[in-house]
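First comes the structure, then the notes that go with it.
The values are calculated or read from the model by the stated rules, or taken from the named source; none is laboratory data. As the structure is a prediction and not an experimental result, all values here were calculated from the model. Virtual Cβ from ideal backbone geometry, glycine too; neighbours counted across all protein chains shown. The accessibility values were calculated without ligands, DNA or RNA, using every heavy atom of the protein model including side chains. Shrake-Rupley method; radii C 1.70, N 1.55, O 1.52, S 1.80 Å.
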Amino acid sequence: KNAGMEFEVGNIFIDGDILLLRMTLTNRTQIGYTTDFMRFYIQDAKIHKKTAVQQIEQNILFAFDYPEEIPAHESRTFTVAMNKFTIPDKKRLIIEIQERNGGRHFWERRKCSEACRSRKRKMKRTGY
């Protein structure tokens, strides 16, 4: 949650060499939310002071139903596809979504074990 906005990673699917993430953005405010960008990268889990941080960006192949804007009091569910990747020990997957011309910024961190648990718990096979 961030300033009346909620971000949730729902289901994680793997189809061949493609990783699909189903996500939901919910706007519980009176003001619409216009998305600027979305980034996925792998980063060290613990960052020590005065240490260089390595970020390995994971490129998005395509996004299905990606919302340009989420009106007030509404939700949007969308799916993002990327090449399949693994998250090494002591690293985390960071999902970043930024509001255009605003300060509502999402920064979701997931360890490999957390991502795997959510996949096992919510895995569903549907046609696409």
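Could you work out the relative contact order of region 17-83, using alpha carbon pairs under 8 angstrom and six or more residues apart, expressed as a whole percent?
Working: 121 pairs, mean separation 33.4, N = 67.
This gives 50 percent for region 17-83.
Counting only protein chains, not ligands or nucleic acids, how are Ile18, Ile95, Ile31 ordered by accessible area (probe 1.4 Å), most first?
Putting Ile18, Ile95, Ile31 in descending order of accessible area: Ile31, Ile18, Ile95.
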Compute, for region 32-81, the length of the dipole vector about the Cα centre, with Cβ point charges of +1 (Lys, Arg) and -1 (Asp, Glu) only. Units Debye, rounded to 20. 480 debye
